[in-house]
Amino acid sequence: MTQSLSHPLAPRPHAAARAGRSPVGMLCGAVLLGVCGSLVAGERAYRSQESRSTAWLVEHLLGMRTLLLEGPTAPVLYAGDHSGLDRGVALTTGCSSALLIAPLALVTALLLLFGNRRPGRVLLAFAVAAALVVATNLTRLTLVLVMQHRYGAEGFGWTHVLFGSVLMMAAALVAALLFLWLLPRSTNAGTNATPTAAPGPANGEAAP
């Protein structure tokens with residue numbers, strides 16, 4: 001009865017997996033864990049930054065006037081023309097892209113810390129997906145302000161409740177698909193090793 005024995009010098013699977021991890025990738029993974037925690041703990045500051053970015057877009061691209069005030073629970077952004085400002089729009093937690101980017105950063109960090117994928121491609125996938133979510137939400141907020149300015153409460157309701165929600169769900173889905181598509185295949189340091197036969201008796205010698 002014969003028994004198959006592994007070569008004593010062959011790398012173990014766990015050792016090969018550890019060898020395939022990049023120190024740069026692990027460092028980036030730790031940074032992204034910090035980013036995830038910062039987005040959750042400091043989401044109020046993130047919402048304020050989103051409001052400032054939206055105000056910049058409304059002023060420079062549409063020529064409207066804006067006023068940003070920090071309310072007790074949320075930043076409030078007002079927009080209008082030379083005749084006056086409209087009713088303010090409060091950027092609450094549900095209107096922010098922070099809660100979409102935080103889990104994306106967490107997944108990316110875990111892939112970098114415990115996976116064997118090339119860190120450059122993983123970071124590219126995260127950057128593209130996060131940029132899409134941020135850009136879409138800024139576009140949605142800009143549309144909310146413009147539609148409220150032109151059509152009042154009805155315009156606000158349509159863009160915020162209906163169109164804006166559908167837009168963000170579509171953006172989240174496309175971002176997730178792009179993230180998965182851009183991810184590289186898992187690599188392993190031991191998969192490309194050439195198998196070597198175990199040392200045996202020389203030609204002409206009898207095995208004991």
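Summary value for the range 24-81: 25 percent relative contact order, contacts being C-alpha pairs under 8 angstrom separated by 6+ residues. Given R0 = 35 Å, the distance between the Cβ atoms of residue 154 and residue 110 translates into a calculated FRET efficiency of 0.20. The residues 47, 65, sorted by heavy-atom accessible surface at 1.4 Å with ligands and nucleic acids left out, run 65, 47 from largest to smallest. Ordering 105, 63, 78 by Cα displacement along the dipole of the range 12-170 toward the positive end leaves 105 in first place; charges were set at the Cβ atoms of Lys, Arg (+1) and Asp, Glu (-1).
Summed over all non-identical Cα pairs, the Kirkwood treatment of the range 28-147 gives a radius of 15.5 Å.
Taking the accessible area of the range 88-141, probe 1.4 Å, and keeping the other protein chains in place, the carbon and sulfur fraction comes to 76%. With the highest mean first, a sort of the peptides 84-91, 118-125 on other beta-carbon atoms found within 10 angstrom per residue produces 118-125, 84-91. Accessible surface calculations at 1.4 Å, restricted to protein heavy atoms, place the range 114-168 at 51 Å² per residue.
The values are calculated or read from the model by the stated rules, or taken from the named source; none is laboratory data. Just so you know, these numbers come straight off a predicted model, no measurement behind them. Cβ: placed from backbone, ideal geometry, glycine included. Neighbour counts: every protein chain shown. Please note that ligands, DNA and RNA were not included when accessible areas were found on the heavy atoms of the full protein model with its side chains. Shrake-Rupley method; radii C 1.70, N 1.55, O 1.52, S 1.80 Å.
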